[in-house]
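This report concerns only the one structure given below.
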Amino acid sequence: MKKISAVILLIILITNQSYSQDAQYFDAPFGGGGGYTPGWYFPNLDKINVQLQGFNVPALSTKGFYTSGGAGFIYLGFIPQLRVGGMGFGGSTSSSANVNGEIREAIYSLGGGALTVEYTLPFFRDFGISIGASIGRGNLKIEVYKNSGAFDWNNVWTEISNSSTSNYSRTIENNYWIITPTLNVDIPFQRFVTFRIGAGYQFTFGDKWAAENDQPINNVPPDLTGKSFFIQSGVFIGFFSY
C-alpha cells in the first residue's frame, strides 16, 4: 500500500511539474534564442545553362542547392508571440568539365543577410506556426573559369598582357535588396530546443550588376535574378513562446 501511495504521489508531482513547465514554456512574455538554419534554394538558372552549352560544361542542376546559415531572435514583450531578429545564409552550385586538357568550371552563388520579424499564431499550443518576413541585402555571384591547371607566380603577371593565354576567368555579381515572406513550423523537442521546417520566397529589388573591380555590365537577361523559392529547416536553442 505504501508503494502504491508513493507511486501515485510521484505521478502527481511529475504531472504538476510538467504542467508548470508547459505553462511557463508556452506563455512566457519574454525570451530569445538562436540556431543553425540549413536551406534549399531553387533559383532560375535557365539563362546561365544556355550559355554553358557553348562553354561545353554540363548544365547547373535545376533541382536547387544547399545553403547554410544562422538566425537569432528575441521576443518583444509588449506584443505577445512577436519576435524580431536577424539571419544570414549562403550557398552555391557548380558544374565543371575537362575539355581537351582545359579545366572549365562555372559557379553560381547566393547569399544574404536580413532583419526578421515573425508572429506565432496563438491558436496552437503544442507547436508554433509562425508567419513572418525578412528585409535585408543579398548577393548573386557567377564565376566562370578556364585554365590548364598549371600555375606559376611569374606567369600570373605575364599572362595579363598575353592575349593568347588559355587561362581565363570572369566574375559578375548582382547586389540587391531582399524582401522574403516566410511560413515556419517550430516543433519543440524539449523545453529549450525546437526544430524548424518552413518555406518562403525571396523577392529582390534595386538590383545592380557589376563585373570585375565593380565595373558595370550591360545586357544581363532581366530574368537572371536572385528571386527564388526556398525550403528551410533549423535547430534552435533558447526560450520560446507559443
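None of the figures in this text is laboratory data; all of them are computed from the coordinates on show. None of these values were measured; they are calculated from a predicted model. Virtual Cβ from ideal backbone geometry, glycine too; neighbours counted across all protein chains shown.
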| request: Determine the gain in length on full extension of the stretch ASN218-ILE179; use 0.36 nm per residue of separation and subtract their C-alpha separation, reporting nm with one decimal. | output: 11.5 nm
| message | Given points 7 Å out from each Cα along the Cα-Cβ axis, report the GLN81 to LYS63 separation in nanometres with one decimal. | response | 3.8 nm
| remark: Using the Kirkwood radius over Cα pairs of segment 33-239, the Stokes-Einstein translational diffusion coefficient at 20 °C and 1.002 mPa s, in µm²/s and rounded to a whole number, is 111 µm²/s
| query | Considering only DSSP states other than H, G, I, E and B, which trypsin sites (Lys or Arg not before Pro) in segment 162-242 qualify as loop sites with at most 13 other Cβ atoms within 10 Å? | reply | ARG191
| request: Compute the length gained on full extension between SER233 and PHE195: take 0.36 nm times their separation in residues and subtract their Cα-Cα distance, giving the result in nm to one decimal. | output: 12.9 nm
| field | Euclidean distance between Cα centres, segment 158-222 to segment 61-138, Å | value | 11 Å
| Calculated P(r) of segment 129-179 - Cα pairs past 12 Å, % | 75 percent
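Set the Förster distance to 41 Å, then compute FRET efficiency between VAL99 and ILE74 from the Cβ-Cβ distance, nearest 0.05.
Numbers: r = 53 Å, r/R0 = 1.28.
The value I calculate is 0.20.
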